[in-house]
Each structure stands twice: as C-alpha cells, then as structure tokens.
C-alpha cells in the first residue's frame, strides 16, 4: 500500500473527477491565459516605446546638427560637401543613426553615407522644412523604410540655408524592440513554471488532505466517521503538534475522565496526572507502555500522524489492562534490575583505581538491591599482582569497600583482614532465620569471624546474605557480599542471578584496574629510576625541584642539573610526547644523551640540534619496526655562568623560563621558541640575558600550566601571580606554586625546577693576558703563585703552576693570539687557558725517544678532570683541581 500511494496521489492530481484535479486545471488555465496576454502586451509596448525613442532621437540629432556653429556657413560655401560630409559621417557614427543628409534650398544633397547619392535630389516633402518647420515621419527612402526627421538650417538673419535630414531604418528600430522579446518570453515561461508549480503544490496538498477523493466519496466517509470512532472499545486520542487535544472518542473520555470541552484545549490543562500528560505530548513512539491512571492500568500506544504524509501530531490508543496488575509488578522488578545493571555499567570502572572500583560496586548495590554491601580483595590484587589461590587453605582478603543504608552498620571496616576458603565459583545465599549466623558464615567459607560482630549483625536484623566470588580469567580476585535486613524480602533465585551478573561486570573492572595498577607502578618505578636521585653539589645555584607523575599514565617529563666547568651549571627540563613505559624509556634515553652531549660543553642551541637528530633517528627506528608511538619531545636547555651572572637559554617547543627578581618582580625573558625535537629542518636559537644575583629561575613542563579546563594563558597568569611578591627560598617557591596551580592530582606529569642564582666574588676570579712568547710562561707562573698565596692555597701552587705551564706553552706554540689565563676558586680550583685557535690538543702516550707530548699527560695526572670548551672566538682548555682534599683526609679519623 505504501508503494502505491505516490502513484495514486499523482493520478488524483490530474484527475478532473477529484477536487484536487479540478482546482489544478482551473488554476493552470487561468495562469496560462494571464501569462500569454501579459507577454503579448509587453512585446507591443516595447515596439511602441522603441518607435517613440527613435523619433525623438532622430529629431534631437537633426536639430543639434542644424544649429551647430558653422553649419549654415558651410551650406552657403562654394563646396559644402567638402566641409559637411566629414562632419556628418562623424556625427552619424557617434549617434548611431542610419544617415545624416544635408541639402540646399533646391533639395540637392550635399552629404550622404552613400557618396553616389550626393548631388541628387532629396526624397520627401522638404519644402515644409524650408518653410521653417521641423518634420518627423516614417517613409521609404534609399535605405528602406525609415523614421526620418527633417529640420531647417537657419542663417543668422533668420533665412533658411538648407535642411538636415536624419533617419533610422525601421529594421533597426524593431531590432531594439525585438531584443526584449526573449527576455519577455523567458519571464513569461518562468512565471508560468512558478505558478504551475505553486498550483501543483497547492493541489497536491489538497489531494493529500482529501486523499484523492471526490466530493461524493468525502461525504460518504464523513457520514461513517463518528459511527466507527465512537463504537470501538479502545480509547483514541489525537494530539496536535501544538500539544492541544484535537480529537477524543467516548472510550478515551471514560478512561481518562476528560471534561466535556477537552477538545481544543492543551493536554497539560486537562487535569491529568503529570506523568500521563507528559507521555501524551512527548511525541515518542510507544508500544504497550503501562500507565497508571487512577485505579486503572492502561496500555498506551503512541504513533506519529505524519509518518505517511499526515499533519504533524500524535495518535494515542488506550486499552484498559487492569487485570494485568500482578504481571506489571513483576515487570517493574525486572525493569528495576535492568536499570540497576545499566547504572552499574555506567558507575563501576570509571577510574583505573582498584579501591575506587570496589567502592563503586558497593555503592551501586545500595539501596536498590541490598541494605548493605562489602567487597573483600586479596592483598596482591591491591598491589596489582595476581593472587595465588591456595588449594583448600584460607585466602586472606582485605576489606576494601563497605556501603550501607545505615551509618552504624556492624560490618567489618575497610582494612580489616577476612579469611575465606575459596571452594566455589558461583554465588551462594544463606538465610539466618534461626539466628545462628556463625554457622551460616561457615557455609559461605568465611573464617575467623568475631562472635561479638556476629551478634551485632543479628541484632540489627540482617537475615539474608548473598556472597559472590569476583573472578576474572580463572582467578579469584575477591568476594562481593550483599546483605538484607529488617523488612526487606530475602534474596531469591532471581536475586542470586542478578548478583552474579553484577559481580561479573565488576570483576572485569577490578581486573582492568589491577593490571593498570601494575603497569602504572612499573612505569613510575622506571621513571623515578631514570630521574635524578640527588642533585649534584655546586655553588652557582640553590636548587629545589618537584616531580608529580600523572594520575593516569606515567609520562615522559624529566629535569636535570649538570655542573659544567668554569663555575657554570646546565639546567634541563624536557617532556616526551605520550604516556606509559614507552614514554618513560624514551625519556631515559634523552636524559642520558643530554648528559653525554653536555660533556662536550656545546652551546644550548648546538646541544638541542644534536638532540633533535637523535629524536628523529628514534622516530625512524620506531617507524621501521612498525611502532605507532612517536618519540617527539620538547626541551629547555639553559647554562648559568656564576662569574658573569648571565644565562643562555635555548628552547625546542618548550615553555620559556620565568625569572623572579630579588624584589619579587616577575619577568619572562624573550627566548626564541624552536620546533619540538624530532621535526627537524630548522636551526635552534639561543638567547642570553643577565640574571641579578639572588634571582630565581623557574623552569617547568606544560603539565603545570595547561590541563583540561585551564588554557595555557590562564595557567601562565596563575604562575606569575604565585611567584610574585616576597622573596622566598626555592623550596618555599616550589610549595607555593604547586599549591596555587595543582589542586587535584594532575592529568599530565609535572616537573618543576627553581634555582636561586649566586655569583662568584671578584676575589675568587683572576685573569691575565699572555703574550705569544714562550718567555711569558714564567710571568704567568709568578702571578699564579702570588694569587694562590694570597688566598692560603700555597699547597696547590706546585700543581697549578705545572698545569698552567703546560697549557700556556701549548697555547703559545700551537694556538693563536690573543691568549688569556683565568683562575676560578669555588668548590674546586679551575684553570682556564684560552686562545683563538679551534685546534684541540689530544692526550697520548709519548714514546721514550719523543722530546715532547707529555704535557697533557701531566695535566691529566695532577688535575681531577680537564677538557676543551669551544667558544665563538676560539677555544678554552680547562682543568679542575680538588682543594683541601689532603686536609679533609687528615681530619677524617679525628
């Protein structure tokens, strides 16, 4: 029937025996007549207007030419044609007329577009024009039927020197009008199409409303309508889209107790129960939904009325099913169980925390299923391990979650250890009508129950228990226990089945949380093992740090403090993309690489360049092995120089550092932000700025200032507010920043590094310029010996003079000017020799017959460590000596 409906509607549209067909044919004929008449009128009017325009145009051109200066004089000249023919042709082309002809008093042409006609007699009644009158007429001339205007050319004395004749052919005039014919025809066709479409839509709507019926059929249908509608023993309602009652039969009025004037009123104003009214106007499709109306149970069906082209609204049928009350009660219980299972699926397992998941299981069962619930889990499960089920022995389980409708419940509290013999995999229920609870507990496999607790349980009226093992993948993880007390019905077989279904869903969530706990613990352990366990000793910076792992999934954030030669310290903060073991392992590789690269003492931008190549290589290895995780990362590398108080920073997609001055003012140094590591293609840039002594440098990862609900701009504002104000130690600064920005467990890892700057006293630094002469070595040794003696370091003089002698000698022989020497006295004694050469010496074993080659060997023997640092102007050879080691060793036994 549905497939034949469109064809039937189309036939009704063109069938003159239907109301819709008659209306369509009448409207279509009327519109066709009006459109045709309008099109003809437009064409006729267009030609008439074009003719009037042509007459006015030719007359205007003729009068303008006749009264133009020089026209009369040219006609009286000896050769009028030579003067006027060029002018006439020029004006003709400009005004788009067919011809401009000038003639003398005798009617002889002086100008014409066709030179062959010049000198011949003009055609037409020019004598009237010679009498001083302008004439416009239609006639047939040398160029065919034309619109022609003849105007006299007056002399200054008023006499007539000749005439000007200007014409446009009728062909040209009509072509102008004919150009509007396609437009008029198109407009007529468009109007006809639009009105035809409108008539069709109107008729189609009328056809749908009358269902293609004729007048006789509609009358017959209306006569039978009331008889059929009010004879059925089923209530029928029609609710319109405006939520008003459109129709109600007698049975519907009786079942719902509707007022007599119900039709035409809003459903919500009929005095119905709110639930009933809400259902009737909901617009939903409902099948046999049971609805309570007074003391009746009604089966309600709702269907939309516009499903097959009808008007929008809802048709409602009502059937009295009061005798199904008992069945409805069972259906309600089943519905409540299904809703509770649905709720359990939504509420259990919202996190990957074992304890939280167990508590969610207990909470979801109260009070819809039980009066109290408890969850006991094996200790290995709480740690993330799989429990080992003993054969016949007692399995120790720890009370993990408790929920009850009463706050003073007698059940064991959370943390209590409960002994259970796991001899079953199905749920078991017991009833304690006789009051001997301890024997019932034994049936359940529970051990070590306190008699006093059992008595309190009995006193509070607990009489029915269901105990369900929580097992996943063949392993028992724990037990879920449900209790009913007082007037609650004892658990039946359906309740036991429901408890098993509920526990099965919870067991999967608990097992997922257990496995996540294990993986998370392994990742945290791995990550913490890869982070610095203790900060290295140095005097340039006072440092405090914080590291907070993410709540779900360990990330790849790290930080580092690396002492560098020359009273310098490198500060590193980085963040590897992703979470889990892969991110932690990648972080360890990058941290180790930074240590290795820093031993070469490159500038920050050079170090990030090497690190970028390493990350790109890791990415290629991952892609080659089919891995899906990308080892992209961000990094900040800064070098603070305690001698100059300057800090050099380079960024690879990482947030810039924040500097807090001693007076509490907060500044954000401008540092170019490079691309994240692993992208490649662009070099990194470093920025150098001065840091006043006592300032605090704050380095961090993005997890501190950016998370769900907090954009990075707002986070940076909060960070600056937390840092501003009074002077604080780095430890206090870390505490204040964490308290201000992290109120909950972070979604991402957070690394925070705060460093208060110090500078070396000028008395701890000495510098000398050295001439490129081997004899200058002696002067250097003398100056160094005196400087050391002034500071009580006479015992270091011999080794220091020997080291500097070898280093300065190498610089003089193999280096380039200028050559400089610098001594730094901090935790160690540092000797630096700089020159303009980029050639680095190498340590080697000299042969017995070699005269040289032993200098660096001696330096390595007397120095604790030594190395080379390249600068923009050359290189620096440095060595470090421990100061006061012998004294400390001597003082140790005392």
Positions within segment 517-539 being within 18 Å of residue 381 (Cβ to Cβ) and at pLDDT 80 or above, in sequence order: 517, 518
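Would you please name the residue that is farthest from residue 53 (Cα to Cα), looking only at residues in segment 66-81 that are surrounded by fewer than 18 Cβ atoms within 10 Å (Cβ to Cβ) and touching a helix residue (DSSP H, G or I) at 6+ places or on another chain (Cβ under 9 Å)? Before the answer, list the steps.
We begin by selecting, within segment 66-81, every residue surrounded by fewer than 18 Cβ atoms within 10 Å (Cβ to Cβ); these are 67-70, 73, 76-79.
If we keep only those that are touching a helix residue (DSSP H, G or I) at 6+ places or on another chain (Cβ under 9 Å) too, we end up with 68, 70, 73, 77.
On the way: 68: 22, 70: 28, 73: 31, 77: 34 Å.
If we take residues in segment 66-81 being surrounded by fewer than 18 Cβ atoms within 10 Å (Cβ to Cβ) and touching a helix residue (DSSP H, G or I) at 6+ places or on another chain (Cβ under 9 Å), then 77 is farthest from residue 53 (Cα to Cα).
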Members of segment 341-352 that are assigned to a helix (DSSP H, G or I), surrounded by fewer than 17 Cβ atoms within 10 Å (Cβ to Cβ) and touching a residue at least 12 places away in the same chain (Cβ under 8 Å): 341, 343, 345, 347
Checklist (1) at pLDDT below 80; (2) surrounded by 12 or more Cβ atoms within 10 Å (Cβ to Cβ) applied to residue 402, failing item: (1)
Within segment 60-76, tally of residues that are farther than 20 Å from residue 158 by Cα and touching a residue at least 24 places away in the same chain (Cβ under 8 Å): 1
Tally, over segment 567-589, of residues that are crowded, with 22+ Cβ neighbours inside 10 Å, in contact with a helix residue (DSSP H, G or I) (Cβ under 7 Å, 6 or more places away or on another chain) and modelled with pLDDT of 90 or more: 3
Residues (at pLDDT 70 or above and crowded, with 19+ Cβ neighbours inside 10 Å) located in segment 415-428: 418, 420, 427
Check on residue 92, assigned to a helix (DSSP H, G or I) and under 25 Å from residue 50 (Cβ atoms): yes
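Looking at 91, 61, 43, can you tell me which residue is modelled with pLDDT under 85 and in contact with a helix residue (DSSP H, G or I) (Cβ under 7 Å, 6 or more places away or on another chain)? Please lay out each step first, then the result.
Working: 91 fails: modelled with pLDDT under 85; 61 fails: modelled with pLDDT under 85.
Only one candidate qualifies: 43.
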Any hit, segment 454-463, residues being at pLDDT 75 or above, within 15 Å of residue 365 (Cβ to Cβ) and crowded, with 18+ Cβ neighbours inside 10 Å: yes
Single match in 678, 715, 709, 694 (criterion: on the phi > 0 side of the Ramachandran plot, assigned by TED's automatic domain parsing to the domain that holds residue 611, at pLDDT below 90 and surrounded by fewer than 22 Cβ atoms within 10 Å (Cβ to Cβ)): 709
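Is it true that residue 325 is assigned to a helix (DSSP H, G or I), at pLDDT below 75, in the same structural domain as residue 255 (by TED's automatic domain parsing) and surrounded by 12 or more Cβ atoms within 10 Å (Cβ to Cβ)?
Working: assigned to a helix (DSSP H, G or I): yes; at pLDDT below 75: yes; in the same structural domain as residue 255 (by TED's automatic domain parsing): yes; surrounded by 12 or more Cβ atoms within 10 Å (Cβ to Cβ): yes.
Answer is yes for this residue.
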Residues being in a helix (DSSP H, G or I), under 46 Å from the mean Cα position of the chain (by Cα) and touching a residue at least 40 places away in the same chain (Cβ under 8 Å) - total across segment 236-269: 0
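Kindly indicate which of 147, 151 is modelled with pLDDT of 85 or more and more than 60 Å from the chain's Cα centre (by Cα).
151
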Which numbered condition residue 746 fails, given (1) in contact (Cβ under 8 Å) with a residue 60 or more places away in the chain; (2) not assigned by TED's automatic domain parsing to the domain that holds residue 546: (2)
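The values are calculated or read from the model by the stated rules, or taken from the named source; none is laboratory data. Please read these numbers as outputs of a predicted model, since none were measured by experiment. Glycine also receives a Cβ, built like all others from the backbone with ideal geometry; neighbour counts cover every protein chain displayed.
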